[in-house]
Amino acid sequence: MKICIKQKILHFLFPTRCPVCGEFIYPEELFCDECSKKISHFTGEFSVPAAESYTAAFVYDKNISPAVILLKKGICGNADRALALPLAEKLKKISTADSVDLILPVPMHKKAQCERGYNQAELIAKIIGRELRIPVVSDCVVKVRRTAAQKELDRIHRRTNLKGAFSVLRPELIRGKSVLLIDDICTTGSTLTELAEVLRKNGAKKVFCATACKTPLKPKTDNTNT
């Protein structure tokens, strides 16, 4: 994997560590060998209403969660790069990258972002944007009210929790465009669904969704009588 001069300099000053276990790794590596073997790549099928498609790089489980938690705690390290680059490669392979005009990171509420120091979705989006050579727009959509933590709610309350939470400030940027929404993790897809609907209402031609991780899909029940 190619690395830029900036990455080499950062590695010299602050040696790169595996975002899962903390072991030192080479600058071109994303995870250490041991953690790489344990991480599961997402291969399932999941759909987001109002979106053309959904893509994820990893299954969110105990083997990848430390990297996501680093970002959520405001400690970036190598986590953004380790989560973003595999997703960028997957988007290339399935040709989603060829269908997108711009990338939008899922926004955080201003107060929450100030507390963390950054928006982890934006960090991931910017790396993907550089890899795919697609512009990233971070000021088009904002989260206008702070909501309860989605992980604390069931599926129904997740949707009602987000109603009216997002607003498009610059609709001219998305009007008639195909947009790729980026976030760090997807559970039920409620956040992506709400945003996709808001973007479509404000003129987006198509909305694609992608996250670094997807929580495990529930197994389909077989109701066939035997």
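The values are calculated or read from the model by the stated rules, or taken from the named source; none is laboratory data. As the structure is a computational prediction, the values presented were derived from the model and not from experiment. FYI the Cβ positions are ideal-geometry reconstructions off the backbone, even for glycines, and counts take in every protein chain you see.
Which condition does PRO27 not pass, out of (1) at pLDDT below 95; (2) within 30 Å of LYS201 (Cα to Cα), if it passes all the others?
(2)
Across segment 22-39, which residue is nearest to the chain's Cα centre (by Cα) among those that are touching a residue at least 24 places away in the same chain (Cβ under 8 Å) and closer than 14 Å to ASP61 by Cα?
ILE39
For (1) surrounded by 13 or more Cβ atoms within 10 Å (Cβ to Cβ); (2) outside any helix (DSSP H, G or I); (3) in contact with a helix residue (DSSP H, G or I) (Cβ under 7 Å, 6 or more places away or on another chain); (4) not polar (S, T, N, Q), each residue gets a yes or a no:
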| site | (1), (2), (3), (4) |
| --- | --- |
| GLU45 | no, yes, no, yes |
| PRO49 | no, yes, yes, yes |
| ARG81 | yes, no, yes, yes |
| ALA84 | yes, no, yes, yes |
| LEU104 | yes, yes, no, yes |
| LYS111 | no, no, no, yes |
| GLU115 | no, no, no, yes |
| GLU122 | yes, no, no, yes |
| ILE127 | yes, no, yes, yes |
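If a residue counts only when it is at pLDDT 95 or above, crowded, with 21+ Cβ neighbours inside 10 Å and of a type in the set (A, V, I, L, M), which strands (runs of 3 or more DSSP E) contained entirely in segment 145-226 have at least 2 such residues?
Once the strands (runs of 3 or more DSSP E) in segment 145-226 are filtered for at least 2 residues that are at pLDDT 95 or above, crowded, with 21+ Cβ neighbours inside 10 Å and of a type in the set (A, V, I, L, M), what remains is 178-186, 206-214.
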